[in-house]
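Novice: Before I ask anything, let me first share the structure, which is written out below as C-alpha cells.
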Amino acid sequence: MLGRTVYSPWLLAVTLAFAPSLSLAAEDPFAETTQDVSAPQMPDTGTAASKNTEGATGDQDATDSGTAGADASGDGDPFGDGAAGSDSSGLEDEYGFDPADEFASDEEPAERDPWEGFNRAVFRFNDTADRWVLKPVATTYRQVTPVFMQLGITNFFGNLLEVANTFNSVLQWKWGQAGNDAGRFLVNSTVGVAGLFDVAQHMGLEASDGEDFGQTLAVWGVPEGPYLVLPFVGPSTVRDAPGVVVDWYTNPLTYIEHEPTYWAFRVTDLVQTRAGLLKAETLLKGDRYVLLRDAYLQRREYLIKDGELEDDFGTEVDENDF
C-alpha cells in the first residue's frame, strides 16, 4: 500500500532549509479537542429553610449534588462523560478492535518521536498541499481513467522499481531475491511490453514487497533514529532520509534527459500513487498524524524483517499464517 516516490535531492535540501519555520505554525487542526462538561446543578428550591441553613450545610450540599451529577452522567460508563471512551468503544464494536491499541507500541512516543512539534508542522504543510493540489488531481484522475489503464501504469512504474529492488537485494546478500527481481524486470520489460503487463508473475516470479536503501542501512546495522516527516516526501526516519537520495539515483527515470518527458513520467507516477491511496485514506479516524506515524514505523519494521515478526508472546509470526 505504501508506494515509494523519489524526489530530487536538491528539492529535498531546499525544503528542509525552510521547514523549521513551519514549527511556528498554528495549533494542529487535526488534534482532537475536548470540552469541559460541568456536572448538572441541583435546582434551587427557594425555600426559607434552605436559606437559613445555607451557611452550615452549603459545602455538604455541593458535595452531594456533585456526586449525584457524576453518578447520573457516568452511570454504567467507565469513561465518565463518555467523550473519549465512546469513540474507542464504537470502533471496537464496529471493527472488533481499537485501532489505537493495534498501532500502540511498548516504546514511549517521546523516544520514537522526540521532534513531534516540528514533525506535526511539516505534516500540516504536506497535508495542506495534498488537500488543495494533489488529492483533487488524483480524484479526478481516478474518475476519468479506466481501471485497466491505471493497472498498466502501476505495473509500468512498479517494473522500474525492480532495478532498485535488485540493487538493494545484492547489497543485503539476498541473492535469491535479487535473481527474482532481476528476472521480473527482464521479462516484464520485454514480453510484458515495457512493464505494462505483469507477465513474470505467471512464470513463478512473484513480486516482492520491495527493497530500498533505507532497508539496506537497517540490515547493515545502522540505528533507526527518531521519526522524521520530510516536506513533500512524508514519513521517514533519520536512517531512511539519506536513502531517498540513493533511491533517486537507482530509479531509471532519473536518467531521462528530455525535461518534458521526465516531468511527465514523474507527475504521472505521483498522481497514480496518490490515487491508489484514496480508498485507504477513508480508514483514518482521529489523530491522523499519530495513525500515519505508527503505521509507517510498523510497516518499515515489517519490510526490514521480511515479514518475520514476533507477537506479544515472543513467538514468531509468519505472514503466511494470515
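Novice: Take GLU224, GLU211, GLU259 and order them by how many other Cβ atoms sit within 10 Å, fewest up front. Walk me through the intermediate numbers first.
Specialist: Values: GLU224 17, GLU211 28, GLU259 8.
With the fewest neighbours first, GLU224, GLU211, GLU259 line up as GLU259, GLU224, GLU211.
Novice: Let me know the charge dipole size of segment 250-293 about its Cα centre in debye, to the nearest 20, where only the beta-carbon of Lys, Arg (+1) and Asp, Glu (-1) is charged.
Specialist: Values: 6 positive and 5 negative charges, 72 e Å.
Here the size comes out at about 340 debye.
Novice: Please compute the length gained on full extension between MET203 and TYR249, using 0.36 nm multiplied by the number of residues separating them and subtracting their Cα-Cα distance.
Specialist: Numbers: separation 46, 0.36 × 46 = 16.56 nm, distance 2.94 nm.
Full extension from MET203 to TYR249 adds 13.6 nm.
Novice: Still on this structure: Is the shape of segment 159-249 rounded, prolate or oblate, going by the alpha carbon gyration tensor and its root eigenvalues a ≥ b ≥ c, with a/c under 1.5 for rounded and a/b larger than b/c for prolate? Don't jump to the answer; show the numbers that get you there.
Specialist: Numbers: a/c = 3.00, a/b = 1.84, b/c = 1.63.
It is prolate, given that a/c is not under 1.5 and a/b is the larger ratio.
Novice: Determine the gain in length on full extension of the stretch ALA264-TRP132; use 0.36 nm per residue of separation and subtract their C-alpha separation, reporting nm with one decimal.
Specialist: Details: separation 132, 0.36 × 132 = 47.52 nm, distance 2.04 nm.
Here the answer is 45.5 nm.
Novice: Continuing with this model, one more query. Suppose every Lys and Arg Cβ carries +1 and every Asp and Glu Cβ carries -1, with no other charges. What dipole size does segment 185-261 come out with about its Cα centre, to the nearest 20 debye?
Specialist: Numbers: 1 positive and 10 negative charges, 16 e Å.
Around 80 debye, computed over segment 185-261.
No value in this document is a laboratory result; all are computed from the given coordinates. Everything numeric in this text was worked out from a predicted model, so none of it was measured. Quick reminder, even Gly has a Cβ in these numbers, built from the backbone with ideal geometry, and neighbours come from all protein chains shown.
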